[in-house]
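The values are calculated or read from the model by the stated rules, or taken from the named source; none is laboratory data. All figures in this text were calculated on a predicted structure; none of them were measured in a lab. In this analysis, Cβ positions are derived from the backbone assuming ideal geometry, glycine residues included, and neighbour counts consider all displayed protein chains. Quick note on the areas: whole protein, heavy atoms, side chains included, nothing else; ligands and nucleic acids left out. Shrake-Rupley method; radii C 1.70, N 1.55, O 1.52, S 1.80 Å.
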Amino acid sequence: MGIIYRLFHQSIIKYYDHIISLGYNCEVAYHLFKHNRFLESNLFAWTYIPSWQTTIETLSNIDLIGSEGFSGPDESIMYTCNATKIRFHGKTKRKEFQNDPSKYQTDKEELISRVSFLKNKFVSVVQENTKKLYIVKIRSQETNIEEKIETLMSLLKAQNNGQFDLLVILEEAFLKSISSLPSKENLYFRTVPFFAPDSSVTSKRPNFKQWQRIFDEFMPRYKLKKTKKYKFEDTE
């Protein structure tokens with residue numbers, strides 16, 4: 001569908017030098033990868049952010065991440081940042097830990113090194129004079145959406161160099177319950193029928209095509225070479 005869509009909808013497709021997920025979980029990154037067949041690494045792509053307040057506080061001070069170390073891994077092989085409570089995926093599979101318990105230490109060391117690198121990259125990309133798309137997925141339990149989006153927009157505007165757009169993804173039913181939303185030139189709202197359960201964000205559920213339609217419209221300007229294999233690819 002992607003090629004056909006681009007042939008007939010060139011006027012509405014938006015291209016970006018960087019596409020950056022701000023969470024709240026991995027579902028955005030998963031569908032970006034499935035659509036484009038690659039994913040630019042970024043700090044929040046494969047994370048679980050526990051609250052909107054955490055998103056704002058962390059974006060206001062990226063150095064909070066990892067400042068008090070990490071605990072874990074838990075049963076999902078995720079590590080929790082002690083300072084922010086953001087959870088990050090480890091790279092080792094559960095069965096590998098079962099076969100070799102020493103991998104716990106090497107996996108945690110890799111996580112710490114990776115997060116440190118991605119923190120620096122995030123700051124560097126934000127400061128680039130390039131066009132960026134920030135994507136945030138908002139829980140349907142949130143309140144005061146207009147105020148929260150305005151806060152995020154103001155924060156991104158203060159930090160960002162170059163042009164940027166913000167794409168907000170909501171569940172359809174939740175959008176109908178919101179009385180008003182902020183309207184800005186570089187702010188977009190798109191919906192999917194429903195979000196996947198937090199415990200199963202890589203599941204191809206009935207809303208899969210709707211996610212793909214969203215990313216037919218918001219596209220990376222450059223195709224990156226796929227350099228890694230994700231754990232979920234082994235189960236698909």
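In the set (i) 20.9, 75; (ii) 17.8, 54; (iii) 16.6, 51, which value of Rg and Dmax of the Cα atoms in Å was calculated from the structure you see? Of the labelled values, this structure produces (ii).
In this structure residue 114 has an accessible area near 50 Å², from a 1.4 Å probe over the protein heavy atoms. Could you sort out which of 132/176; 131/223; 85/132 sit more than 21 Å apart by Cα distance in this structure? Checking Cα-Cα distances, 132/176; 85/132 exceed 21 Å. Note on segment 109-205: with neighbouring protein chains present and a 1.4 Å probe, carbon and sulfur make up 46 percent of its accessible heavy-atom surface. Working ranking of peptides 136-146, 48-58 by packing, defined as the average number of other Cβ atoms within 10 Å per residue, highest first, is 48-58, 136-146. In the context of the full set of protein chains, the chain has a per residue accessible area of 52 Å² (1.4 Å probe).
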